[in-house]
Amino acid sequence: MGTTIFSVMSALAAESGAVNLGQGFPDFACDSKLVDQVTRAMQEGLNQYPPMPGAGPLREAVSQKIQALYGHHYDPQSEITVTAGATQAILTILLAVVHPGDEVIVLEPCYDSYVPNIEMAGGMVIRIPLTPGTFRPDFDKIQSAINSKTRAILINSPHNPSGMVWRHEDMLRLQEILEPTQVLLISDEVYEHMVYAPLQHHSASSYPGLSSRAFVVSSFGKTYHVTGWKVGTVAAPAALTSEFRKVHQFNVFTVNTPVQHALARYMEDPSPYLELPQFYQRKRDLFREGLAKTKFKMLPGEGTYFQCVDISELSVPEKNLGESKFCQWLTKEIGVAAIPMSAFYGNGFDQNVIRFCFAKQDQTLHAALTRLSTL
């Protein structure tokens, strides 16, 4: 296993005194009411182990939220599990259902934990490229990759790193392809509340032919600006959840108690996640307005808190740097850290595209844009 690109670029940003728009985390505080709820839970003595699948009130709150937003009921006792973040959730899913030699389809570019997780479970990674430029799924290629060895397919919408959002017709097409198979679906939906008008998020839980075979992964860290708390959830049919929990009990067992109770209480008011698209869309628009004054060519920003740009029209001292070296140069010489898209491909496919994170204070974004305007 190598070192992740996020560790490399964040270290370089710190060393160079650069504005870090590389790694995907906010540089602003979460709601103080949420912190108060954690304190309250601690003071009430909720500091010992909760049940292995998660605190009951939180699983109940998650069930109600999914029912309200996506129209599917998951039993909080047997179909929802609280996890130590989405990354642990995905690894646990793969360890639970993938046997040595099983094939798992991933759509590249993809979040950098997917492939190592599959390999740690003994699976064979089958890489299917998303369409360069648009990052739309190529369903003909997906269908042709499915065979008797295919155990699962891992999808991600809104998509990290591109920000692409799957449409309703995409979900229907996937449902059609999987219908005659036994292939499981792992749906990474951690950016579910960061989809920008006029689009909307289409959860796998909304489609009967998908929800019946799917593990749906979500993240409180992304939704409530608390990435360091590392709390997520997995919703899946009871039979799949049973297999998931067999692994979960031995690689994490459970997640810290006071935060679970705090989140359950905080979720009584849905407005924080319902208003999140507007919150981040304003930041996206601010950042895109600044980028429009540069020679960066912006790709569509449909969802997530990432903005991808094409760097091919930029004039830099050294020609043909490629994405990775360009990001290093940008960090050291311009003082803004970004992530090369090539880092999300197994073969390092370079298409002159890099990724910025705009989940930052306005002053951070303005500082970065001032530096980028020198290009």
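List of remarks:
- Pair F6, T181: separation of 7 Å Cα→Cβ label points (nm): 2.8
- Estimated distance in nm for a label pair at K297 and N320, the labels positioned 7 Å out from Cα along Cα-to-Cβ: 1.8
- Taking Cβ atoms as reference points and 12 Å as the exclusive limit, the residues near N147 contribute a net charge of 0, counting Lys and Arg as +1 and Asp and Glu as -1.
- The chain: angle of helix 5-16 to the longest principal axis, Cα-based, in degrees nearest 10: 50
- 222 nm mean residue ellipticity, helices alone, for the chain (DSSP H n ≥ 4; -39,500 (n - 2.57); rounded to 500): -11500 deg cm²/dmol
- Histogrammed with a bin width of 5 Å, the alpha carbon distances of region 63-204 distribute as 2, 9, 18, 22, 22, 17, 8, 2, 0 percent, first bin at zero.
- Candidates per chymotrypsin sites (Phe, Trp or Tyr not before Pro) in region 207-277, loop by DSSP, up to 16 other Cβ within 10 Å: F253
- Distance histogram for the chain (every C-alpha pair counted, 20 angstrom bins, percent rounded to whole numbers): 29, 58, 13, 0
- Taking each residue as 0.36 nm, the span from R173 to A29 lengthens on full extension beyond its C-alpha to C-alpha distance by 47.9 nm.
- Residue of S218, S187, S16 that the Gaussian network model of the chain assigns the largest fluctuation, springs spanning Cα pairs under 10 Å: S16
- Global dimensions of region 242-375 from alpha-carbon coordinates: Rg and Dmax equal 19.6, 57 Å.
- Rel. contact order, % - alpha carbon contacts under 8 angstrom, at least six apart, region 32-268: 31
- Full-extension gain in nm, A14 to F250, via 0.36 nm per residue minus C-alpha separation: 81.4 nm
- Shown is the FRET efficiency for K332 and Q281, computed with R0 = 35 Å from the Cβ-Cβ distance and rounded to the nearest 0.05: 0.65.
- Dimensionless Rg/Rh of region 230-273 - Kirkwood Rh, Rg from C-alpha atoms: 1.05
- Spin-label pair S242/E44, simplified geometry with 7 Å Cα→Cβ offset, distance in nm: 3.3
- Gain upon complete extension [D138, E119; 0.36 nm per residue less C-alpha separation]: 4.5 nm
We did not get these values from a lab; they are worked out from the coordinates using the rules stated. Because the structure is a prediction, the values reported are computed rather than measured. No Cβ is skipped: glycine too gets one built from the backbone with ideal geometry, and neighbour counts run over all protein chains shown.
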